Structures are given as structure tokens and as C-alpha cells.
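Reading through the C-alpha cells given below for one structure.
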Number of protein chains: 2
Amino acid sequence: MGRPVRARLSTAAIADAAVELIDSGQPFGLNAVARRLGVKPPSLYNHVDGVDEIIELVRGRLAAQYLAEAGTDAEWGEVLESMIRAERRMYTEHPHVVPLIATSTVRDEGVIRSYDLKATHLVRAGFPESEVLVLVQLLDAFALGSGLDYAAPDAVWEPSGPTKTLGRLLGAGPPGRVRNEQAFEVGLGILMDGLRERLARHVADA
Amino acid sequence: MGRPVRARLSTAAIADAAVELIDSGQPFGLNAVARRLGVKPPSLYNHVDGVDEIIELVRGRLAAQYLAEAGTDAEWGEVLESMIRAERRMYTEHPHVVPLIATSTVRDEGVIRSYDLKATHLVRAGFPESEVLVLVQLLDAFALGSGLDYAAPDAVWEPSGPTKTLGRLLGAGPPGRVRNEQAFEVGLGILMDGLRERLARHVADA
DNA sequence: CTCCATAGCTAATGGCATTAGTTTTTAAGA
DNA sequence: TCTTAAAAACTAATGCCATTAGCTATGGAG
């Protein structure tokens, strides 16, 4: 067959196809991405180093879409909260992505920049520098854990035997995703309040 | 070869081998577990339905070890905190397990019981029943996200270009796992304080 | 003593990621 | 303009994985 007149592939096209595939719920893999692009698997290696890089492309594509610079001039708490909400939106609109990106090291520049932005705002707000990365990491863990829970099958807990409380509450309440939404809101509220109070204490100590 | 005089395998032995394998950092898989047991892969199917069930066995084995009933008589906050710390210990002592169990549905009775216990304590404490599962889910997401972050490679963020703040702070502070430990402590503190305050408000409203 | 379930095994299937080497096309340089 | 090298698709092959089917010897139940 030889080289085609016009290139059929590009990292952008691969990233798009990968996101589509993941969102469809079908099992993710390099071969499946190739199939979706109407191309044989080895062709992808002309554009990408392997399956891990495809995942990194996906992260970058979504980061560009969701994590692109929020307003920088607002109060630090509002900036942080809006950034975390953006991350949250990314996870809920692409739930199947979460387990894939949850375990690999971040190299994408857009994501790095968003961490950098969070750190910069926290420093400017007056948090001690030794604590700033800890807080960024904390918020990230919460958002990721929450996203992971959202991605899990609806019945996260499936009690087979009798339970003291769990079974009753599971039957009474809304489905898992609604609960997850509430948990995210409650948690974010508590964490942001906690951070503000923590900052006030730091300022008072100084 | 035929049936051996004394059975070489059991679900317990499989679970143990799987945990050992996972802890060793080598890639997890049914074949690798079989290798470690000195047995051919298909033999495992006499005891287990497939690789997913092995993961469930691992969850159960660790849950039995770490999540076995804490003291039930203490104040609700202390009980909850100690349960979450137990979960945390499970994750830090077996970090490679986290990505594996993070995405699959929980069927293990021990884990279910521990959720049930948390829910029971929260109900008894006076939280509105409609909120209890939300809070359990919230704490779980935090612990899991934290554990996942702990499991990630030491340099979670690898800025290749220049950054405003991130690079400097990364160089100055302790390595990722220490930061993760601090983030867990700060987060747990904020969340528990937040829950207590929330309870006080609920009680005042009633 | 017979028979069946158990628990190893071997062999085979089909999927996956990846590498090597082939062909054709395009772009660049003499 | 002709040559040459890189690019981008391909085919073929490797080696891993999980899983299924079917074989065989053992031990216990009737």
C-alpha cells in the first residue's frame, strides 16, 4: 500500500479517536483506537510511542478543553474552587477516562500549568510555602477520588447479606451518581471552608 | 499428571500469592500469580472464576487484616477517624493494590460491613439519614484518592518547562510521599472538623 | 468396589502491544 | 530535473495474556 497521498493520522486525530472510544465505554486499547481510525495498529507507531503516550494525549486533549486558564484576578478561594469544578466537570463528562489517567505520571504541559496556577494563587493568598504543594495535592486527591467513585458502576456497594444500616439507606436514597454529586459538593464546601480558616490562623500567627 | 495427592491451591493461597506479587511491584496478572504458586495458569480456574475474582480475593484478604471491626463504643468521630486511618494504612502498606481495587465493584462482605459500621455510627451520631451515605462516600473518595496519589510514582508532576511557582516548591520541599502523608493528615483534619460542625448545625436546626 | 467430583495438567484460541521490514509517496537538495 | 531520504501506511511475526476444552489420576461417597 505504501505511504498515502494525504496522511490519515495525526496525534490530534488519535487523541480524538481515543477519547471517543473511551467515552463509548468499550474497552480501551491501541488496537481499538486503530480500528476506530480505520487503520492497522502498527500505523499508530508512526505518530505515537505506544499506548501510554495515547493516554497522555487524552489527558492533554481534555486538559486543553477543561483546564485552560481560568480568570486569574478573582479571590484565591474562588479561583481554586472554579478550577476544581472544571476538573470535576472533566471527570463527570468523561468518566471512563478517570481510571486510565489516575495512575500515570503527568507530563502534559497544560496540566502542569494548572497545578502551577493553583500553587501560585495559594502562595499569593499567604499560605506558608512549605504547605502549598500539600494543599494542591490534597485538593487533587479529593477531586480524583471523587471522580473515580463517579466512574465506578452505579452499585458501588452490593451487600449480599443483611446489614444494620447500609441496606436500608441504599434503598431509600438516590442512585450512586446523585449521591456522588452531593458528596462532591459537601466535600468541596468543607475543604474550602477549612482552607480559609487555616489561612486565617496562619495570618494570625504571623 | 492427574489430581495431586494433596491440593496445592486454595483461595487463601491464591490471595496470599497475589498480594505478594502486587507488593513486589511486578505487573499483576493471573499467569504471574500461577507462576508464583509453581502452578500452570489454568489450574487457578479450579478455585477462581478469573482474574477479577482474584482481585476481589485480594480486597477481602486485606480488608480482613485491616478493616476488622474497630472499637464500637467510642465517640462517632473517633471511630470514623480510626476506621479511615486503618484504610489509609492498608493503602500505604500495599500501594500497588490501590489502582487494582479502585475501579471494581465491592462484593467482599468485610468491606461492606465496614461501610455499614460507618453508616451506623453516623446515623447514631445524629446526621440526617439522607446524608449519611453521602458522607461515607465522601470520606471513602478522599481516602481512595489519597491512596492513589500515594501509589503514583514519586514525581507525580514532572514539569519540563519553566513554572511560576511549582518548580521552586518541588525543589524545596520533601518528596512526594511525605507530602502525601501531610496532605492526608491535613485533609482528614479538615474533613472531620467540618463534619462535627455540620452535625452541630443539624442539631441546632432541629 | 464402583463411580464421580476434584484438581492438577496439556493444548488450543483469540486478543493484545510491539517490532521488523516492505512499499509508496512526498519533499528537499544537488 | 534527478536523486535521495524521510514519512506513513502496510504485512508478517513475536511473545505476552486470559480463558476454554478436554485429559488423567486421585480420593471419598455410596
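Between beta-carbons, use under 13 Å as the cut-off and find the net charge around B:Leu100, counting Lys and Arg +1, Asp and Glu -1. Before the final figure, lay out each step's value.
Numbers: positive: B:Arg59, B:Arg61; negative: B:Asp23, B:Asp52, B:Glu53, B:Glu56.
Here the count lands on -2.
With unit charges on the beta carbons (Lys and Arg positive, Asp and Glu negative) and the dipole taken about the Cα centre of the protein assembly as shown, which residue among A:Gly50, B:Val79, B:Ile54 sits farthest to the positive side?
It is A:Gly50, whose Cα lies furthest towards the positive end.
Calculate one ³J(HN,Hα) per residue across the range A:27-37 by plugging θ = phi - 60° into the Karplus curve 6.51 cos²θ - 1.76 cosθ + 1.60, and present them in order as whole Hz with x for glycine and proline.
x, 7, x, 4, 4, 5, 4, 4, 4, 5, 8
Mind listing the phi-derived Karplus ³J(HN,Hα) values for the range A:54-61, rounded to whole Hz, using 6.51, -1.76 and 1.60 with θ = phi - 60°, and x for any glycine or proline?
Going residue by residue, I get 4, 4, 5, 4, 4, 4, x, 4 Hz, with x marking Gly and Pro.
Test of understanding: in a Gaussian network model of chain B with alpha carbons linked when under 10 Å, which of B:Ser24, B:Ser160, B:Ser104 would top the mean-square fluctuation ranking?
B:Ser160
Suppose we consider the axis relating copy A to copy B; can you name the residue of A with the nearest Cβ and state that distance in angstrom as an integer?
Taking Cβ atoms only, the nearest residue and its distance are A:Gly145, 1.
Please compute the average number of Cβ atoms from other chains found within 10 Å of each residue's Cβ in peptide B:126-139.
Per residue, the number of nearby Cβ atoms from other chains is 6 on average.
Karplus couplings for the range B:6-12 from phi (6.51 cos²θ - 1.76 cosθ + 1.60, θ = phi - 60°), rounded to Hz, Gly and Pro as x?
10, 4, 8, 10, 6, 4, 5
State to the nearest 20 debye the size of the charge dipole of chain B about its Cα centre, where the only charges are +1 on K and R beta carbons and -1 on D and E beta carbons.
Numbers: 22 positive and 28 negative charges, 162 e Å.
Around 780 debye, computed over chain B.
If you filter the range B:1-53 for trypsin sites (Lys or Arg not before Pro), then keep DSSP loop positions with at most 16 other Cβ within 10 Å, what is left?
Values: sites: B:Arg6, B:Arg8, B:Arg35, B:Arg36; in loops: B:Arg6, B:Arg8.
Within the range B:1-53, the qualifying trypsin sites (Lys or Arg not before Pro) (loop, at most 16 other Cβ atoms within 10 Å) are B:Arg6, B:Arg8.
Every other copy gets compared here: list the nm distances from the B:Pro162 label point (7 Å along Cα to Cβ) to its counterparts, shortest first, one decimal.
Shortest to longest, the spacings are 6.9 nm.
Leaving out ligands, DNA and RNA, what percent of the accessible area of chain B is carbon and sulfur, probe 1.4 Å?
Working: 4970 of 9600 Å².
Reported share for carbon and sulfur atoms: 52 percent.
Could you compute how much accessible surface A:Asp108 exposes when probed at 1.4 Å, giving the result in Å² to the nearest 10?
40 Å²
Would you mind checking the tilt of helix B:76-93 against the longest principal axis of the Cα atoms of chain B, expressed as 0 to 90 degrees and rounded to 10?
The helix B:76-93 is inclined about 40 degrees to chain B.
Shortest first, in nm, what separates the label point of A:Arg177 from those of the same position in the other copies (7 Å along Cα→Cβ)?
3.8
Is the shape of chain A best called rounded, prolate or oblate, per the rule: a/c under 1.5 gives rounded, else a/b larger than b/c gives prolate, else oblate, with a ≥ b ≥ c the square roots of the Cα gyration tensor eigenvalues?
On the way: a/c = 3.00, a/b = 1.34, b/c = 2.25.
Oblate.
Can you tell me the 0 to 90 degree angle between the C-alpha axis of helix A:109-125 and the longest principal axis of chain A, rounded to 10?
Result, in degrees: 10.
Show that you can apply the helix-only estimate: for chain A, add -39,500 (n - 2.57) for every DSSP H stretch of four or more residues, divide by all residues, and state [θ] at 222 nm to the nearest 500.
Numbers: 9 runs with 137 residues, N = 206.
For chain A, the value works out to -22000 deg cm²/dmol.
Find every distance from the label point of A:Ala12 to the corresponding label point in the other copies (7 Å from Cα along Cα→Cβ) and write them in nm, one decimal, shortest first.
Spelled out, the distances from A:Ala12's label point are 6.1 nm.
Assigning unit charges at the beta carbon (Lys, Arg +1; Asp, Glu -1) and nothing else, what dipole magnitude in debye, to the nearest 20, does the protein assembly as shown show about its Cα centre? Mind dumping the intermediate values first?
Working: 44 positive and 56 negative charges, 288 e Å.
Using only the charged Cβ atoms, the result is roughly 1380 debye.
Compare B:Val33, B:Val19, B:Val134 in a GNM of chain B, Cα atoms joined below 10 Å, and give the one with the largest fluctuation.
B:Val134
The values are calculated or read from the model by the stated rules, or taken from the named source; none is laboratory data. This is a predicted model, so every value here is computed, not measured. Glycine also receives a Cβ, built like all others from the backbone with ideal geometry; neighbour counts cover every protein chain displayed. Each accessible area value is taken on the protein alone, full model and side chains, heavy atoms only, with ligands, DNA and RNA left out. Shrake-Rupley method; radii C 1.70, N 1.55, O 1.52, S 1.80 Å.
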